[in-house]
Amino acid sequence: LPQNHTVCVCVFVLHRMLLRLLLPALASSHAFPTSSFLASNGALSLYFRRCFQGTSREQTGQVQQTLWKPVSRRGIGLHSGEDAVLRLMPALAGKGRVFACCSQKEEIVPVLMSSVRSTTLSTCLGVGTAIVRTVEHLLSALEGLGVDNCRIEIEGGNEVPILDGSAMPWVEAIEEAGICAAVNDAGNEVPRRAVVIHKPLQVSMGDSFVAAFPSSQSRITYGIDFAQIEVG
């Protein structure tokens, strides 16, 4: 795979592992926490402070990015079977990644940890009555390609189309749209910040874990072991 595509695959793997490991640790029962729990319960910030002690958010010397022009894809939701159109739109610097559910009245779901509803079989985000399902492939592509700000409009359903089942079609859609520097309301570029790891950190559950170590360059090692030969 080209380098950018490989990065997207790795980001997707880590994204899924982190969500599946972190969220159950925050719950008081076997059910995953609701967005209201995550938004109002101090356990979230406390847990993350403990997990990410020894890290900081620092300027990268780069500026925030967005899409050069809109791009859309249409497809079927893996779990819902609904046909939906998803549009990726440019956004101002500092706006982040935001889902706009447009099937009836427009409802906004920001891409934040506090929006996570569940990670069972897929990652589901929600705010109030608005729900967006199976977001992980698309968000991994946006993160891997460095798109910090994007308005994601979905119409015809509440699930991101599965397309070929990987992040690759979204990588291709983003490359079709092009990536450029994002500006804020005043027309100014905004510095990009990233998490810098100063000492080893690890999050684990059972025999699964994610560990990160300080390094001058990015390197990802991933291992998987399932009884099914088809999986690995």
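The values are calculated or read from the model by the stated rules, or taken from the named source; none is laboratory data. Note that the structure is predicted; figures quoted are calculated from it, not measured. In this analysis, Cβ positions are derived from the backbone assuming ideal geometry, glycine residues included, and neighbour counts consider all displayed protein chains. For the accessible areas, the whole protein counts, side chains as well, though only heavy atoms, and no ligand, DNA or RNA atoms are used. Shrake-Rupley method; radii C 1.70, N 1.55, O 1.52, S 1.80 Å.
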- prompt: Got a number for residues in the range 201-221 being open to solvent by 90 Å² or more (accessible area, probe 1.4 Å) and polar (S, T, N, Q)?
  reply: 5
- prompt: Taking strands (runs of 3 or more DSSP E) that do not extend beyond the range 53-148, which have at least 2 residues that are among the polar types (S, T, N, Q)?
  reply: 55-63, 65-67
- request: Starting from residues that are open to solvent by less than 40 Å² (accessible area, probe 1.4 Å) and not in a loop (DSSP other than H, G, I, E, B), keep the ones in the range 156-191 and report whichever is farthest from Gly75 (Cα to Cα).
  value: Cys180
task: Name every residue in the range 53-90 that is within 18 Å of the chain's Cα centre (by Cα) and more than 19 Å from Val132 (Cα to Cα), in order of residue number.
output: Arg57, Gln64, Gln65, Thr66, Leu67, Pro90
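Let's see how each residue does on (1) under 22 Å from Leu92 (Cα atoms); (2) in contact with an Asp or Glu (Cβ under 6 Å, 6 or more places away or on another chain); (3) open to solvent by 50 Å² or more (accessible area, probe 1.4 Å); (4) among the hydroxyl-bearing types (Ser, Thr, Tyr):
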residue	(1), (2), (3), (4)
Gln104	no, no, yes, no
Ser114	yes, no, no, yes
Thr120	no, no, yes, yes
Leu142	yes, no, no, no
Cys150	yes, no, no, no
Ile154	yes, no, no, no
message: Cβ-Cβ distance below 9 Å, separation of 6 or more or different chains: which pairs start in the range 90-102 with a residue that is closer than 7 Å to Glu153 by Cα and end on one that is open to solvent by less than 20 Å² (accessible area, probe 1.4 Å) and not in a strand (DSSP E or B)?
response: Phe99/Ser115; Phe99/Val135; Phe99/Val160
